[in-house]
Amino acid sequence: MYEMKDEYYIGVEAIDKQHKELFHIADEAYMLLKDEFIVDKFDEIVAIIGKLKDYAAQHFADEEAYMLSIGHKKFFSQKAEHTEFLEKIDSIDFENMDRNQLQALVDILEFLNDWLVHHILEKDKLLSPDIQDESK
């Protein structure tokens, strides 16, 4: 269900590759949600959240370094959104999540879907070399 569609590619290979992995992590959460054979999903959810946080933190650091290297004018607003994303992950209430595992997965997927689609299409697309060339 969660896959990197053509419209999400921005034309910067390293960033596109990382975005693809973020979609893969979202797909792992989706597959876990749909797997009826795993009744207690808590450990798997915690693992996915940990993987998401670690990977997103590295991706954001790499993306921010790229933005600085090209003098991207929206660097600080992008950095603030990245920080907000990581703070959202840090604010997850694991005790409540354990009691409501399916709802927690739905909430995580809604958050990721909104983030991946809107952030990539509205913010990261501005990092495209084609757009950078037009702004010069």
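Filter the range 44-89 down to residues that are acidic (Asp, Glu) and more than 19 Å from Ile108 (Cα to Cα) and give me whichever is surrounded by the fewest Cβ atoms within 10 Å (Cβ to Cβ).
Asp62
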Practice problem: Please verify whether the range 109-126 includes one or more residues that are modelled with pLDDT of 95 or more and under 21 Å from Glu13 (Cα atoms). | Solution: no
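What helices (runs of 4 or more DSSP H) lie completely within the range 58-136 and have 2 or more residues being under 21 Å from Gln18 (Cα atoms)?
Details: elements: 75-90, 94-99, 101-114, 129-134.
By residue number, 75-90, 101-114, 129-134.
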Quiz item: Give me the pairs: first residue in the range 45-71 and without any contact (Cβ under 8 Å) to a residue 24 or more places away in the chain, second residue basic (Lys, Arg), beta-carbon distance under 8 Å, and six or more apart or on different chains, which are they?
Solution: Glu64/Lys79
Exercise. Kindly indicate whether Phe94 is over 25 Å from Glu7 (Cα atoms), of a type in the set (Phe, Trp, Tyr) and either under 20 Å from the mean Cα position of the chain (by Cα) or modelled with pLDDT under 95 (or both).
Key: yes
Practice problem: Would you tally the residues in the range 8-40 being touching a Lys or Arg at 6+ places or on another chain (Cβ under 9 Å), in a helix (DSSP H, G or I) and exposed (fewer than 15 other Cβ atoms within 10 Å of the Cβ)? | Solution: 0
Quiz item: Does the range 91-108 contain at least one residue that is buried (at least 17 other Cβ atoms within 10 Å of the Cβ), over 28 Å from Met31 (Cα atoms) and either in contact with a Ser or Thr (Cβ under 7 Å, 6 or more places away or on another chain) or not small (Gly, Ala, Ser) (or both)?
Solution: no
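The values are calculated or read from the model by the stated rules, or taken from the named source; none is laboratory data. What you see is a predicted model, and the numbers here were worked out from it, not measured in a lab. Counting neighbours? That spans all protein chains shown, and the Cβs are built from the backbone with ideal geometry, glycine included.
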